[in-house]
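Report on the structure given below.
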Amino acid sequence: MADTTVHEVGLDAAAPVAHLDHDTNTGISNTKLGMWLFLGSECLLFGGLITTYLIYKTPLSGPTPEQIFDIPFTSASSFVLLMSSLTMVLAVSAIERGDHHRLRVWLAATAILGSTFVAGQLYEFTAFYREGLGFTTSRFSSAFYTLTGFHGVHVTIGILMLVSLLLWSLRGKLPEHRSETVEVVGLYWHFVDIVWILIFAVVYLIP
Amino acid sequence: MATPDPGQLALPSGNGAVEHRPLGVFTRPSSSKGWRSWFTSVDHKKIGVMYGAAALFFFIIGGLEALLIRVQLWAPRGTLLTADEYNQVFTMHGTTMIFLVVMPIGAAFANYLMPLQIGARDVAFPRINAFSFWCFLFGGIFLNTAWFLGGGADGGWFMYAPNSSVVFSPGHGIDFWNIGLLITGIASLTGAVNLIVTVLNMRAPGMTLMKMPVFTWMTLVTQFLLLFAIPVLTAAQVLLLFDRAFDANFFNVEAGGDPLLWQHLFWIFGHPEVYLMILPAFGLVSDILPVFSRKPIFGYPFIVFSGIAIGFMGWGVWAHHMFVSGIGPVSVLVFSLTTMFIAVPTGVKILNWTATMARGKLKLDTPMLFCIGLITMFTIGGISGVTHSVAPADTQQTDTYYIVAHFHYVLFGGAFFGFMAGFYFYWPKVFGYLMNETLGKVNFWLMFVGFNLTFGPMHVLGLQGMSRRIYTYDAGYGFEFWNQVATIGAFVLAGSIALFIFNIFYSRAKAKSMANPGPDPWDARTIEWMIPSPVPEYNFDPIPTITRRDDFWYRKYGETEDHMPVRIAATDEVCQSAEGEHDVHLPSPSYWPIVTAFGLPIVGYGLLYTHWLSLIGGLIVVAGIYGWALEPPDDPEAEHDHHDDDHGPVGEVEPDRAEDEDLSESEKEVETVG
C-alpha cells in the first residue's frame, strides 16, 4: 500500500482503528440504541392489539366491561406497577454510584412489585372467568384477554430479566462498568409500565 | 495468551487454551474454517452468503410452484392440479417468493455489503445477526414442511379472514403459514434492530450520513420499514393463531368479528412490505449505474430523500388494496390521492437514474444490463401501479391478472432484476472470481424476454377479465392464446435461472486457471472495492477515513476543471492488501444463536400437534437465551492486541465545510498531477 500517495491527497488511510465497542457515531451505545429501536417496534405491536380491543370492546353476548371490571382493585395493582418504575430508577442510580448493596435491594423490590402486579392480574383473570368471561365467550373477552395477557407476559419477561440481574450481581458478575445493562433493562421496564398506563386508561377507565 | 497462528488472520478464540462453558454444555467454538464453522459463525459475510444461498434454494421451490401454475393454465380445463392443490400452490408460491426469496436476498445484500460500505468490521450485534438468519431458515423450512404434513396453506399470501378460519380451511396448512411467518418475523425484527444500529453507530471515521453509499441508505430505510411493519403483521398473526388454535373470536363473524380488521392490519404491514422489498434493489442500482456510466450518481440528495419519502409515504397508502371492500367514499378518495402522490418520489428516482446514464461513457456489462432492465421494467410496473389509484378503474381490475402483471413487473422486473445486477456485480467481491460475461449477457436477454413473455400478456388477460386465483378457465373467452404465451415465457424464465446457476459453477471451474480479479475489477466507486476479493475476515485493516462520497473513486481519480476524471493514483496503490500480518480482534463464534432459533419451530410443531412439545421447544429457547447471556460477546481468551482507541469515528461535524475542503484539495491535487 502506498501510504505516501494517499497522504498527499489528504486521506489518512493509515489512521488508527476505531474499536468496535467504543465511541459510536451517535454517542449512544449499541445496546441502548438497539433497545430503543426494539421498544419503538413494540409500540406498533401493542398499537395493533389496542386497536383490536377498541373495535371489539362491546360484546354481542356474555358479560360487558361495565359488569365485570373491578376498577378499585385494578387501580391498586396499577399503582403497584407504577411504583416499580420508581424502584427501577433507584436501582439504576445505585449501580451508577457503585452501591451494589442498594442495587440488589432495589432490583429485588422492583421484581417483587412486578410480581405483585402479575399476581393481581392472574387473580383478576380467575375472578372474571368465574363470573362467566372465558377466553372464547365473546369478541370482547378474546380481545381483552389477549391485550392484557400480552402485557402480562411482557411484565413476566421483565421480572425474569430483573431476577437474572440480581443473581448476576450476587455472584459478582455485574460490575460497575456494566451499569448500562441495568439501565437497558430499566428502559424495557419503564416501557412496559407506560404501556400499562395506556392500557389501563383505554380498557378500564374510558367507558 | 497463545500466540496467533500466522495462517489464521483473524483470531476467533484462544486456541483452546481455556474452555469457557456457559451452562456447562458446549465448549466455545473456535474454528473459523471448515463446514462446521458456518453453523457457529457470527461473521456478517458468511451470514450474508447463507442468506443468499437459502434464498436461492427457496427461489427454486417457489419457481417450481410457479411452473405448476403456468402448466395448469396452459389450456382451458387444465387437469394437472385440482382446485384445492391449485389454491395451495399459488398461496405457497406468493408466500415463498415474498418472505423467503425477495426479503432474504435483500437481507443477504444488507448483511454482506452494508458493513463493508460503511467501513465496519461487523454488524453491531454479531450473534443476533446469526440468530436472525437461523430464525429465517428454520421458519422457512417449517413453512414448507406443510407440504409433507397435509398440504400447504390455501388462503392466498394475504390470508384474508374469515376464509382463513378453521371452518373454511380445516387442515394445518394455514397454521404452518402463520407460525412459520411468525418465526421469520422474529428474524426480520431482530435483523432490523441490528442493521439500523450498525448504520447509525458504526460508520468509519468521516463517513457522515450524507456520504454513505445509496445502498446503505436504502438499507437503513428498509430496516426502519421492517422495524415498524413486522410487529403489525405479528399482531394480526397472533389474532389468527388464537382464533385457529384456541377458538378466539377475532374473525368469527358470528360473534361480531370483523374481517376488515384483518385486511387493515395485514395491509398496514403489507404496503410498507412492498417498498421494503424494492428499496434494496433501488439501492443496488444506484450504486451500480454510476460505475458503468463513469459518472457520479445524478442528484444524490434527491435519490436519498426520495427513498426516505417512499419510506414515510408507504405507510399512508395501504387501503388502496381494499377499494372493493366497502371502506367508504372518503377513505377511497384519500387513499387514491396518497397512491398518486407516492408515484412522485419513485419517479424522481427513475429520472435520476436516467440522468446518471445520460452523457456517461456507458459500459454495457451484465450488471449494467440488469440495471437498465430494472429501470425499464419497473417503469412499466410503476405506471400500471399508479393506474390503481384511479379507484373506479381499480374496482374493475381488482382480482384480475392485471394486478398479477403489475406486481410481477414491480417485484420481478424491479426487485429481482436489481438483485441479479447485484449478483453479477458483487460476485467477484464475495467469491473471488468473475462470472462469465457472455453467459451473463445471454442470461440477461433470456430473462428479459422470458419475463416479458410471461407477465406482459397478463395485462391483456386481466383487462379481458380473467380472474386470478381461479384454477382454470373455460374455452371461448379469448384467454387461450395469451395464457399459452405466458406459459412459454415462464419456461424461458426458468431456463434463464438455470443458466444463472450453471454460470456460477462454470465460472468457478474456469476461475481456477485464471488470476484473482483483484480488489477492483469494475473500476468502482465505493470503499468495499478497496479491500481484497474475496473479502478477508476482518474486512478493513486499517479502517479507512472517509472524506467524501464515492471515497474510493476519488482516491483513484481527481477532476479537471470541466469535471472530467483524471487518474491520480493506480488502483493497486490505494487498495488494501491481504498480505502481511493482520492482527484484528473479531467477535467470537457461538453456538447459542442456532440453538435458540432451533427451539422456535419445535414450539410451532407443539402448538399444532402436542402441547408438551411446545414445552420442550420453549425450554430450548430459554436455555439458549441464558447460555447466550452468560457467554461474553467476545471470548476473553481471544487475542486482543490491536487496540488503538485514540481515533474514534468522527461525528457529523460540519459536513459542509469538510466537503468544501475536499473540493479545494482535489483541485489542488489535479493541478500538481496534471
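No value in this document is a laboratory result; all are computed from the given coordinates. In this text, all values refer to a predicted model and were calculated from it rather than measured experimentally. Because the Cβ atoms are built from the backbone with ideal geometry, glycine has one as well, and the counts that use them run over all protein chains shown.
Just a few scattered comments:
- Rounded, prolate or oblate (a/c below 1.5 giving rounded, otherwise prolate when a/b exceeds b/c) for the protein assembly as shown by Cα gyration tensor: oblate
- Peptide packing for B:261-274, A:171-184, B:108-121 was compared via the average number of neighbouring C-beta atoms within 10 Å per residue; ordered from the highest value, the list is B:108-121, B:261-274, A:171-184.
- Amide H contacts of residue B:557: B:568, each under 5 Å away and 5 or more positions distant or on a separate chain (H built 1.01 Å from N in the peptide plane; Pro and chain starts excluded).
- Taken residue by residue and averaged, Cβ atoms of other chains lying within 10 Å of the Cβ of A:38-48 number 6.
- Only one residue of B:384, B:135, A:186 has its Cα farthest out toward the positive end of the dipole of the protein assembly as shown, where Lys and Arg carry +1 and Asp and Glu -1 on Cβ, and that residue is B:384.
- The local environment of residue A:95, defined by Cβ-Cβ distances under 9 Å, has a net charge of -1 under the rule Lys, Arg +1 and Asp, Glu -1.
- The stretch A:120-183 and the stretch B:168-231 have Cα centres separated by 26 Å.
- Legend: calculated FRET efficiency, residue B:325 to residue B:57, from the Cβ-Cβ distance at R0 = 41 Å, rounded to 0.05, equals 0.70.
- Kirkwood-Stokes translational diffusion coefficient of the stretch A:30-205, alpha-carbon pairs, 25 °C, 0.890 mPa s, µm²/s: 143
- For the peptide B:202-213, the mean number of other protein chain Cβ atoms found within 10 angstrom of a residue's Cβ is 2.
- Remark: the stretch A:30-205 carries a charge dipole of roughly 320 debye about the Cα centre, counting +1 on each Lys and Arg Cβ and -1 on each Asp and Glu Cβ.
- Whole-Hz couplings from phi, Karplus 6.51/-1.76/1.60, listed for the stretch B:240-252; x for Gly and Pro: 5, 4, 5, 4, 7, 8, 10, 6, 5, 10, 5, 10, 8
- Gain in span if fully extended, residue B:354 to residue B:560, counting 0.36 nm per residue against the direct Cα distance: 71.8 nm
- Inter-label distance, residue A:156 to residue B:390: 5.5 nm, where each label sits 7 Å from its Cα along the C-beta direction.
- With the simple spin-label model, which puts each label point 7 Å out from Cα in the Cβ direction, the residue B:523 to residue B:573 separation comes to 1.7 nm.
- Sequence ranges B:235-247, B:55-67, ranked by mean other-Cβ count within 10 angstrom, highest first: B:235-247, B:55-67
- 14 Å cut-off, amide nitrogen to a point 7 angstrom out along residue B:470 Cα→Cβ, residues in the stretch B:58-73: B:73
- Shape of the stretch B:295-512, Cα gyration tensor, a/c cut at 1.5: oblate
- Taking the inverse of the mean reciprocal distance over all distinct Cα pairs, the Kirkwood hydrodynamic radius of the stretch B:485-547 comes to 15.0 Å.
- Of the peptides B:37-43, A:95-101, the ranking by mean beta-carbon count within 10 Å, highest at the top, reads B:37-43, A:95-101.
- Global geometry of chain B, whether rounded, prolate or oblate, following the gyration tensor of its Cα atoms and the 1.5 cut on a/c: oblate
- Applying 1/(1 + (r/R0)^6) with R0 = 60 Å to the Cβ-Cβ distance of residue B:33 and residue B:609 gives a FRET efficiency near 0.90.
- Long-range amide H partners of residue B:584 with built H, under 5 Å: B:11
- In this simple spin-label model, placing a label point 7 Å from the Cα along the Cα-to-Cβ direction at both residue B:622 and residue B:64 gives a separation of 3.9 nm.
- Rounded FRET efficiency, nearest 0.05, which uses the C-beta distance separating residue B:166 from residue B:77 and R0 of 35 Å: 0.65
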